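Enquirer: Take this structure first; my questions come after.
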Amino acid sequence: MTKKLVQILFFVFPLLVLSNFSIGSAEKNYTERVFISGYGQIIVVDPSVPKIAESIEVKGPVRDMSFTEDGKTGLFLANDRKSLYVVDTVQNKIIDEINLQARTDKGLLDRRVWGSTISPDGKKAYAFVTQGEKRRNSFKVHPSKILEIDLGSKEELRSVEAPYGTHVLQFKQDDASKIFVWGYDLFELDLKDMKLKLKQGIKNPENKENGAGNYLMLFPRGENGINSIPLIKEYPDGRVTEGIMWMNRQSGKIKTLEYDREPIGMFSAVIDKNEQYAYTTLNKWYKVDIKSQKIVKESAPPNGSLYGVNLSADEEKLYYSGAGNEFIIANKDLEVEKHLVLPTDTLDLKVIKIKQ
Amino acid sequence: MVKQKLGSLIVIVGFLSIMSACVEQSPTGHSEKKTANVHVSKQVEKSCISCHAVDQEGKLERIESVRKSPEGWAQTIARMERIHGLKITDKEREQLVVDLSKERGLAPEEAEKVQYWLANKPSYLEANPPNESVVKSCIGCHAAGRFEAQRRTEEEWKNLKDFHLVMYPSIYLNHRHTDWPEEADKAIEYLAKNYGVESKVWDQWKGNEYDVSGKWKVVGFQGTKGFYLGESEFTKSNDGYTEKKSIKFLKGQGPQELSGNMKIYTGYMLRSHYMQGKKKINGSYNVTSENLIKGDWSYKEDLGITGEETYYKVQNEKPEIFHSEPRAWKKGTTNKVNLYGMNLKKLKTEDLELPKGVEVTKLTATSDEQIEAEIKVSKNSETDTFLVNGDKVAVHGKFTLYDKADYLKIEPSYGVSRMGDAGPMDKVSIQYVAYAYSNGKDGKSETKDDLKLGPVEAEWSLLTYPEKNAKRDDRPYIGKLDKNGLYTPKEEGVNKDRTFVQENVGSATVTAKSIIDGETLTTKSHHITTVPDYVNNIH
């Protein structure tokens, strides 16, 4: 009897173990990595420890970071905004460097990227460039453009003029034919005919009574489907408010809130996918209840200003980095839980689910 | 026949002599040799022509379409080295600045308006340019002095816009509160109209040069220490002048000796490098006539320690008054006044032409440099500023008649000091000075007719900023304000004693209290201590 029980357990236990593993796998079929824009390197952090998984060397400070749908390829802007690096995020290796500088018959065409993104399938890159021709002893400005680049051949396929002030390109979720183009206002680029059209006035709203919005989206979000950024609004009567603007990447619908405080200036904001709470950072950390538009929790970064806040892949924790050489894990009550020292100062952080 | 030939020869020789004199002599007698085929100078051709070719009008591209101060040219050359790979020696760099300032410089009238910028005066409160587009597109980053110290053709002003957009494309993001390119176009229109390269004053001045050799008397003012007097002598050297100067504060210690070298740019801009003991002092002066030099100096390693100076050429013909303590005389009383100058033993009461109701009742020369005077001012005399005239005496500067001191003002009204000295960056202190003011004829404060009576001694203190309900008290960390109004910031770097704010930066309220004629006057100003001026090439 006892022997039979042991035999049963002998067979059942491995099944239970396997069964549990496969259940866990189904729930979490990805590896979570945090990509942090450093100086001269992309810092890859495994937040589960946390520890630095890899440092990928590039030229100069890292700016934009975008990823394919499966998270397995990343596009990173660095080298004083002159080079786009295509990175294999599984092996953490650079696949390619695309330098957008070019020559003209009169000199050098200095192109700087202010907003770039990789297509969900990883075949193309899109980059908004300002263009300046450096002639022998003078400079000539050329119109700024969004370039479509084939990542296989590294060739420029198409381009469209785009307004100055553009600084973020972001694919519409589940629709690889459209890119949201964030500048002073929000535009939409239709890739079928490479046409750009105004989607919504933000600095220049249709109704000025709604207030002119001012934001600098150096810290775009959207990994969970919601892009969000702190917003300063100025009204015709002189009122200035601070709050948050966010957009559902699938519907393209923008919402805003203005919280009940004097503007102090925040750099980045992240909103949970249920649109329940927003978290902002710079010299202070705020937790904002979206429904009531009130700051329900307030704290301060432990070692000085932090530019970037993001949510963990499971949205259970908050990650902070940007400015100094640190990565912080905090709970959603804004209490620091873990701290990791990084090799360089940083700008922003992206939380990516790399499919297994 | 011989007579006729001799006559012709004399005519030809005479003509050649006149032509020669015309070529070599400038209006002030300065030797001015310029080879027709040389563009600006041989050094400019050697260093610049590989990129700046001669254009269709026979001018060096860009270079001969702008005019700048020596400081402006030095910045341009530094940028050519920093960004465009220009390789030159220190000697060549200096020669370029000298040559460009001489051929493509500013007239004295043009430079006078931007002397504060040329002298790099910290905490100088510059008035906004009258053009709104200039304010919107330029002032966010630059002092107006920077571009007001330049003259350009319209094309060159336009080039400046493209230069900014190509070199600093982030300008779009920094200026997203405005439509920068559109505002810049409007600004360029204004600048081209008001700061064009062609100017009569430059045409009149170009090629002239003052000779400052000889002895001078000096009057200066240094905030927190007061007025001083001194003597100076300039001696010609290989590439400029050497100067020996001795000064003594009216209230203070014994004489201080300075010596240094100075160079003259554009024929009138003196740039000095002194040593005072171990202290290095830089001076920026303009010769405004054969007998007058005006300018500013500052410590090389602390721009906030600074002073203003005027030089008067020594003469022994007639009395000359260049300073008075005080300069503001109260009505209805007899004012005890000390007058400073030269040849003052020759001065007689009747030499001074004073306004109605003002009478010199006593004049005692204690030396050729100082007179003790008693000046009675009638209660009915006019409240105003005035000049003292007289054929037999030269009197510099304006004097003031006033009823009473009504209020105080602190200068600078918004003090910006900078941490420094821990690393490569120097600290910038602030010399706070309290000035007394009278309400003037209308009896109201802060109106156009108010009279500035001069600096006054004050009791100084620092309060929190804002004074009431300050969320944080920065005073223990940011620096010290001494009893004379000298504010000295602390060093940069992390201060572990501070919570959240990591460095010795912050705000405070500066207060000055002064008792004038038995009445206590107080005033306040805003002070900040901020980071070192790391990006100091965009001023």
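Enquirer: Just need a number here: residues in segment A:78-135 that are closer than 19 Å to A:Gly222 by Cβ, within 13 Å of chain B (Cβ to nearest Cβ) and out of contact with any Phe, Trp or Tyr (no Cβ under 6 Å at 6 or more places or on another chain).
Expert: Of the residues in segment A:78-135, 1 are closer than 19 Å to A:Gly222 by Cβ, within 13 Å of chain B (Cβ to nearest Cβ) and out of contact with any Phe, Trp or Tyr (no Cβ under 6 Å at 6 or more places or on another chain).
Enquirer: Here are some residues: A:Gly165, A:Gly213. Which one is at positive phi and buried (at least 18 other Cβ atoms within 10 Å of the Cβ)?
Expert: A:Gly165
Enquirer: Suppose we keep only residues that are surrounded by fewer than 21 Cβ atoms within 10 Å (Cβ to Cβ) and touching a residue at least 40 places away in the same chain (Cβ under 8 Å) within segment B:133-146. Which one would you say is farthest from B:Thr529 (Cα to Cα)?
Expert: So, considering only residues that are surrounded by fewer than 21 Cβ atoms within 10 Å (Cβ to Cβ) and touching a residue at least 40 places away in the same chain (Cβ under 8 Å), the one farthest from B:Thr529 (Cα to Cα) is B:Ser133.
Enquirer: Continuing with the same structure: Taking the residues in segment B:117-160 that are part of a helix (DSSP H, G or I) and in contact with an Asp or Glu (Cβ under 7 Å, 6 or more places away or on another chain) as candidates, determine which candidate is farthest from the other protein chains (Cβ to nearest Cβ). It would help to see each step written out before you state the result.
Expert: Restricting attention to segment B:117-160, the residues satisfying the condition of being part of a helix (DSSP H, G or I) are B:117-118, B:132-138, B:144-148, B:154-160.
In the following step, the residues that additionally are in contact with an Asp or Glu (Cβ under 7 Å, 6 or more places away or on another chain) were identified as B:118, B:133, B:136-137, B:144-145.
On the way: B:Leu118: 26, B:Ser133: 17, B:Lys136: 15, B:Ser137: 14, B:Ala144: 23, B:Gly145: 24 Å.
The selected residue is B:Leu118.
Enquirer: What residue, of A:Thr281, A:Thr344, is surrounded by 16 or more Cβ atoms within 10 Å (Cβ to Cβ), touching a strand residue (DSSP E or B) at 6+ places or on another chain (Cβ under 7 Å), polar (S, T, N, Q) and not in a strand (DSSP E or B)?
Expert: A:Thr344
Enquirer: Return yes or no: is B:Ser413 in contact (Cβ under 8 Å) with a residue 40 or more places away in the chain and among the hydroxyl-bearing types (Ser, Thr, Tyr)? Full working, then the answer.
Expert: Numbers: in contact (Cβ under 8 Å) with a residue 40 or more places away in the chain: yes; among the hydroxyl-bearing types (Ser, Thr, Tyr): yes.
So B:Ser413 passes the test.
Enquirer: Got at least one residue in segment B:180-194 being touching a His at 6+ places or on another chain (Cβ under 8 Å) and more than 14 Å from chain A (Cβ to nearest Cβ)?
Expert: No; the residues of segment B:180-194 include none that is touching a His at 6+ places or on another chain (Cβ under 8 Å) and more than 14 Å from chain A (Cβ to nearest Cβ).
Enquirer: Also, I was wondering about something else. Do you know which residues across segment B:182-202 are without any contact (Cβ under 8 Å) to a residue 40 or more places away in the chain and either in the same structural domain as B:Ser232 (by TED's automatic domain parsing) or buried (at least 17 other Cβ atoms within 10 Å of the Cβ) (or both)?
Expert: Scanning segment B:182-202 gives a single hit, B:Ile188.
Enquirer: Only one of (1) within 14 Å of chain A (Cβ to nearest Cβ); (2) without any contact (Cβ under 8 Å) to a residue 40 or more places away in the chain is not met by B:Gln56, so which one is it?
Expert: Failed condition: (1).
Enquirer: Within segment A:147-164, is even one residue within 14 Å of chain B (Cβ to nearest Cβ), part of a strand (DSSP E or B) and of a type in the set (S, T, N, Q)?
Expert: No: zero hits.
Enquirer: Right, another one. Among the residues that make up segment B:103-110, is at least one of them under 30 Å from B:Glu45 (Cβ atoms), under 14 Å from the mean Cα position of the chain (by Cα) and of a type in the set (D, E, K, R)?
Expert: yes
Enquirer: Same structure, new question: Please find, among B:Ile88, B:Ile63, the residue that is out of contact with any strand residue (DSSP E or B) (no Cβ under 6 Å at 6 or more places or on another chain) and either within 14 Å of chain A (Cβ to nearest Cβ) or on the phi > 0 side of the Ramachandran plot (or both).
Expert: On inspection, the qualifying residue turns out to be B:Ile63.
Enquirer: For segment A:132-143, how many residues are touching an Asp or Glu at 6+ places or on another chain (Cβ under 7 Å) and not in a loop (DSSP other than H, G, I, E, B)? Before the answer, list the steps.
Expert: Initially, segment A:132-143 is screened for residues touching an Asp or Glu at 6+ places or on another chain (Cβ under 7 Å), giving A:132, A:134, A:137, A:139-143.
Next cut, not in a loop (DSSP other than H, G, I, E, B) only: A:132, A:134, A:139-143.
Adding up the residues that qualify gives 7.
Enquirer: Quick check: anything in segment A:232-248 under 26 Å from A:Ala313 (Cβ atoms), charged (D, E, K, R) and in a loop (DSSP other than H, G, I, E, B)? Quick ask: steps written out before the conclusion?
Expert: So in segment A:232-248, the residues under 26 Å from A:Ala313 (Cβ atoms) come out as A:244-248.
After this cut, where a residue has to be charged (D, E, K, R) as well, the list is none.
Looking through segment A:232-248, none of the residues is under 26 Å from A:Ala313 (Cβ atoms), charged (D, E, K, R) and in a loop (DSSP other than H, G, I, E, B).
Enquirer: Now a separate question. Can you find, within segment B:351-384, the residue that is farthest from the chain's Cα centre (by Cα) among those that are more than 23 Å from B:Leu229 (Cβ to Cβ) and in a strand (DSSP E or B)?
Expert: Result: B:Thr361.
Enquirer: Same structure, new question: Please go through segment A:251-283 and give me each residue that is among the basic types (Lys, Arg) and within 14 Å of another protein chain (Cβ to nearest Cβ), ordered by number. Let's see the steps before the verdict.
Expert: So in segment A:251-283, the residues among the basic types (Lys, Arg) come out as A:253, A:255, A:261, A:273.
If the condition is that a residue be among the basic types (Lys, Arg) and within 14 Å of another protein chain (Cβ to nearest Cβ), then A:Arg261 is the only one that fits.
Enquirer: Restricting to segment B:335-352, and then to whatever is touching a strand residue (DSSP E or B) at 6+ places or on another chain (Cβ under 7 Å) and loosely packed, with under 15 Cβ neighbours inside 10 Å, can you tell me which residue is farthest from B:Phe399 (Cα to Cα)? If you could, list the steps in order and put the result at the bottom.
Expert: Keep residues of segment B:335-352 that are touching a strand residue (DSSP E or B) at 6+ places or on another chain (Cβ under 7 Å), which gives B:335-345, B:347, B:349, B:352.
Then keep just the ones that are loosely packed, with under 15 Cβ neighbours inside 10 Å; that gives B:336, B:338, B:345, B:349.
Numbers: B:Lys336: 14, B:Asn338: 13, B:Lys345: 21, B:Thr349: 17 Å.
Restricting to residues being touching a strand residue (DSSP E or B) at 6+ places or on another chain (Cβ under 7 Å) and loosely packed, with under 15 Cβ neighbours inside 10 Å, the top hit is B:Lys345.
Enquirer: Still on this structure, I have one more. What's the number of the condition A:Glu206 fails, among (1) within 19 Å of B:Asp179 (Cα to Cα); (2) assigned to a loop (DSSP other than H, G, I, E, B); (3) touching a strand residue (DSSP E or B) at 6+ places or on another chain (Cβ under 7 Å); (4) more than 14 Å from every other protein chain (Cβ to nearest Cβ)?
Expert: Among (1) within 19 Å of B:Asp179 (Cα to Cα); (2) assigned to a loop (DSSP other than H, G, I, E, B); (3) touching a strand residue (DSSP E or B) at 6+ places or on another chain (Cβ under 7 Å); (4) more than 14 Å from every other protein chain (Cβ to nearest Cβ), A:Glu206 violates only (3).
Enquirer: Taking the options B:Asn238, B:Asn174, B:Asn208, name whichever one is within 14 Å of chain A (Cβ to nearest Cβ) and surrounded by fewer than 18 Cβ atoms within 10 Å (Cβ to Cβ).
Expert: Answer to the selection: B:Asn174.
Enquirer: Filter segment B:319-350 down to the residues that are within 24 Å of B:Lys248 (Cβ to Cβ) and in a loop (DSSP other than H, G, I, E, B) and list them by number.
Expert: Across segment B:319-350, the qualifying residues are B:Pro319, B:Pro326, B:Arg327, B:Asn343, B:Leu347.
Enquirer: Can I ask one more? So for segment A:338-351 (the condition being modelled with pLDDT of 95 or more, touching a His at 6+ places or on another chain (Cβ under 9 Å) and closer than 16 Å to A:Tyr39 by Cβ), does at least one residue qualify?
Expert: No, segment A:338-351 contains no residue that is modelled with pLDDT of 95 or more, touching a His at 6+ places or on another chain (Cβ under 9 Å) and closer than 16 Å to A:Tyr39 by Cβ.
The values are calculated or read from the model by the stated rules, or taken from the named source; none is laboratory data. Not measured: the values here are computed from a predicted model. For neighbour counting, all protein chains shown are included, and Cβ atoms are generated from backbone atoms with ideal geometry for every residue, glycine included.
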